[in-house]
Amino acid sequence: MTGSGTWAPRFANARYPTFGPVLIGIRVQGFRGVSDLNLQFKSPVTAISGLNGTGKSTVAQLAAAGFRQPPDHDWYRYYVNHFFPVSVADPEPFTPGAQVQYLYAADSGFQTVTVSRSAKSWSGQHRQPERATYYRGFAQFIPKVERRDLSIYGAASLELGEANPLDPTAAQHVGRILAVPYDHLGFTEVLTTNKAATLAMAGRGGRRYSENHMGTGEGRVLYMVNTLETAPPKSLVIFEEPETSLHGDAQVRLAQYFVEVALRRGHQIIITTHSSAILGQLGRDSVVYLRRTPLGGGVTATHGLSTYQTDSHLQREGRTPGGITVCVEDEFARCLASEIFRTADPDLLSGCSFLTIGGGQEIPAAVKLLRGAKVRAVGLSDGDMPHNGTGGVRTLPGTEPPEKEVFAHPAVKDYFAAAPFEIDLDEVLAGVSDHHDYARTVAARLMMDEPTVVGVACRTYAAAHQAGAFNDVVGFVRSEVGDRR
Ligand SMILES: Nc1ncnc2c1ncn2[C@@H]1O[C@H](COP(=O)(O)OP(=O)(O)O)[C@@H](O)[C@H]1O
Ligand SMILES: [Mg+2]
């Protein structure tokens, strides 16, 4: 996980020299079926996720309408009524008493502004603090080919105007995110007899092409990075589903870039997303999950990944019907738990599906959510996060993280010391400070891939135990779910 620079310590003394006035909370009442939603922005980068129609865009758009714009900037500001027009097609996009409460943290302290509907307009927006704001929905990125753009219908008479190279830092980041070695990136003015437009241009391998011939993802990344690098420092930048058209690895690097640029330039970045690749890169303070409450009530917001993971799990096909869901922290814990089950109780294993929650402290919440949805669920936490069985959560063997427990076990050390590996685990891991890097380090040394190393290490660890050694944990799982049968 990438550290996403939580704001929490800075909030304590209410001084934010790095970020300017930031939006730290929003309460939305009465918009598009969101009856009362309270949401916090705890970190410079916030990703809002949730199933379709849970109100992600509603929150993103209301956040975009959260600031006045600096006088020296010529773009218009976003008003609530731009996003929520009333028409015959949509007579009631909000309820009569609809309002938004904004909570800001500024150099001078906290500030709240309530925007509410009075007569036929919204009042309160002029009292908002100032921060340059960019809302980038889908329209910016629609390939020009798919709209009737000048550069397409005017192609025959098109002339090239002034060329503006992309800021070098921006160009470097676009290349890195897409893993493409560009010779050149920029924008060029294009003109017909009476109109002008701007086109993104790229040069690669000695050839030049415009955005009309870029991949959709390529064009989007270029526009997003350009916005973030050329916006005034400390802007608020909002992207709707920035993962659209992007390859998985590029999504990962885009998320890392968001964190980096937010800290470097003092931006606040809010995205809506369905991408687990992006969410997985962000710390728990950066993830907000929106969920419609089952009784047709409103929408609630939870922080961290557990709700996202459990909702995806509940929707996934191929869950063992009537089976047991075992919540664990990560892949290593999943592998260790499944090898323990395989050794002690193979039947139990065949009825299990595992759910990796990401953060150990979120396992109890995940188990509770799943049980609330009538799923037979238990949690197995890492040894360094002890649980005594309350709420269906217990600890894996040992008192240390499972990587330390497994790689320090004599049988595992002997296994890797023998032919054909012949390495000394203590020596190989001596300089590795983070146990999450243990398996990767061993894998690199042995020219193996990481899952294989994790698999054989956990298998060897489990097999080295006496019959009955895992009775505690296996018995716990059986009794917890047995009670619920
Ligand atoms: N006038 C309305 N009254 C109640 N609910 C509405 C209204 N208009 C839209 N919605 C609900 O809001 C949802 C869209 O909200 P949106 O913020 O765009 O969701 P998301 O971005 O999470 O997909 C729709 O799926 C619909 O259920
Ligand atoms: Mg949306």
Helix 450-463 sits at what angle to the longest principal axis of the chain, using alpha carbons and giving 0 to 90 degrees rounded to 10?
-> 30
Segment 144-214 - accessible surface per residue (Å², probe 1.4 Å) = 60
Among Tyr104, Thr114, Ala132, the residue whose Cα sits farthest towards the positive end of the charge dipole of segment 100-169, when +1 is placed on the Cβ of each Lys and Arg and -1 on the Cβ of each Asp and Glu, is Thr114
In debye to the nearest 20, how big a dipole does the chain give about its Cα centre with +1 on each Lys and Arg Cβ and -1 on each Asp and Glu Cβ?
-> 1840
Let me have the relative contact order for segment 304-480, percent, based on Cα pairs under 8 Å that are six or more residues apart.
-> 22
Percent relative contact order for segment 144-214, counting Cα pairs under 8 Å at least six residues apart, stands at 30
What aspartates and glutamates sit close enough to Lys42 to cross-link, taking a C-alpha to C-alpha distance under 14 Å and skipping anything fewer than 8 places away on the same chain?
-> Asp285
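Take every DSSP beta bridge whose two residues both sit in the chain, then give the antiparallel share in percent to the nearest 5.
Details: 47 of 77 bridges.
Bridges in the chain that DSSP calls antiparallel: roughly 60 percent.
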Peptides ranked, highest mean first, by Cβ atoms within 10 Å: ranges 44-51, 103-110 = 44-51, 103-110
Once you charge only the Cβ atoms, +1 for Lys and Arg and -1 for Asp and Glu, what is the size of the charge dipole of segment 144-214 about its Cα centre, to the nearest 20 debye?
-> 220
Between the Cα axis of helix 168-178 and the main Cα principal axis of the chain, the angle (0 to 90°, nearest 10) is 50
What nm value, rounded to one decimal, do you get for the distance between Thr114 and Arg342 when each label is placed 7 Å out toward the C-beta?
-> 6.0
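Determine the sum of side-chain charges near Ala443: Lys and Arg each +1, Asp and Glu each -1, restricted to other residues whose C-beta is under 12 angstrom from that of Ala443. Don't jump to the answer; show the numbers that get you there.
On the way: positive: Arg440, Arg445; negative: Asp437, Asp449, Glu450.
Every neighbour counted, the sum reads -1.
What does the charge count around Arg291 come to, taking other residues whose C-beta lies under 13 Å from its C-beta (Lys +1, Arg +1, Asp -1, Glu -1)? Each step should come with its number before you reach the end.
Numbers: positive: Lys56, Arg292; negative: Asp311.
Summing Lys/Arg as +1 and Asp/Glu as -1 gives +1.
Dipole of segment 304-480, Cα-centred, from +1 at each Lys and Arg C-beta and -1 at each Asp and Glu C-beta, to the nearest 20 debye? Before the final figure, lay out each step's value.
Numbers: 15 positive and 25 negative charges, 183 e Å.
The calculation lands at about 880 debye.
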Checked against a 30 Å limit on the C-alpha separation, the offending pairs among Lys56/Lys234; Lys234/Lys368; Lys56/Lys144; Lys56/Lys120; Lys120/Lys234 are Lys234/Lys368; Lys120/Lys234
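Antiparallel as a % of all DSSP beta bridges within segment 304-480, to the nearest 5?
Counting DSSP beta bridges with both partners in segment 304-480, the antiparallel share is about 10 percent.
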For Lys404, list the lysines whose Cα falls under 21 Å from its own Cα; do not include residues on the same chain fewer than 8 positions away.
-> Lys413
What angle do you read, to the nearest 10 degrees and between 0 and 90, between the alpha-carbon axis of helix 363-372 and the longest principal axis of the chain?
-> 80
Sequence-distant aspartates and glutamates (8 or more away, or on other chains) whose Cα lies within less than 13 Å of Lys195 = Asp149, Glu159
D (Stokes-Einstein, µm²/s), Kirkwood Cα radius, the chain, 0.890 mPa s at 25 °C | 96
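By average Cβ neighbour count within 10 Å, what is the ranking of 114-127, 391-404 from highest down? All intermediate terms of the calculation are to be shown ahead of the outcome.
Values: 114-127: 13.4, 391-404: 20.3.
Output ranking for 114-127, 391-404: 391-404, 114-127.
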Out of Ser433, Ala467, Leu370 - ranked by how far each Cα lies towards the positive end of the dipole of segment 360-473, with unit charges on the beta-carbon of charged residues - the top one is Leu370
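Go ahead and estimate [θ] at 222 nm for the chain from helices alone: -39,500 (n - 2.57) per DSSP H run with n ≥ 4, summed, over the residue count, rounded to 500.
-9500 deg cm²/dmol, from helical runs alone.
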For segment 144-214, the Debye formula with one identical point scatterer on each Cα and no solvent gives log10 I(q)/I(0) at q = 0.15, 0.27 Å⁻¹ as -0.52, -1.20
Between beta-carbons, use under 13 Å as the cut-off and find the net charge around Asp345, counting Lys and Arg +1, Asp and Glu -1.
-> -1
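Tally up the carbon and sulfur contribution to the accessible surface of the chain as a whole percent, 1.4 Å probe, everything protein left in place.
The value for the chain is 51 percent carbon and sulfur by accessible area.
The values are calculated or read from the model by the stated rules, or taken from the named source; none is laboratory data. The structure presented is a predicted model; accordingly, all values stated were derived computationally and were not measured. Every residue, glycine as well, gets a Cβ built from its backbone with ideal geometry; the counts of neighbours run over all protein chains shown. In case anyone asks, the SASA skips ligands and DNA or RNA and just uses the protein heavy atoms, side chains included. Shrake-Rupley method; radii C 1.70, N 1.55, O 1.52, S 1.80 Å.
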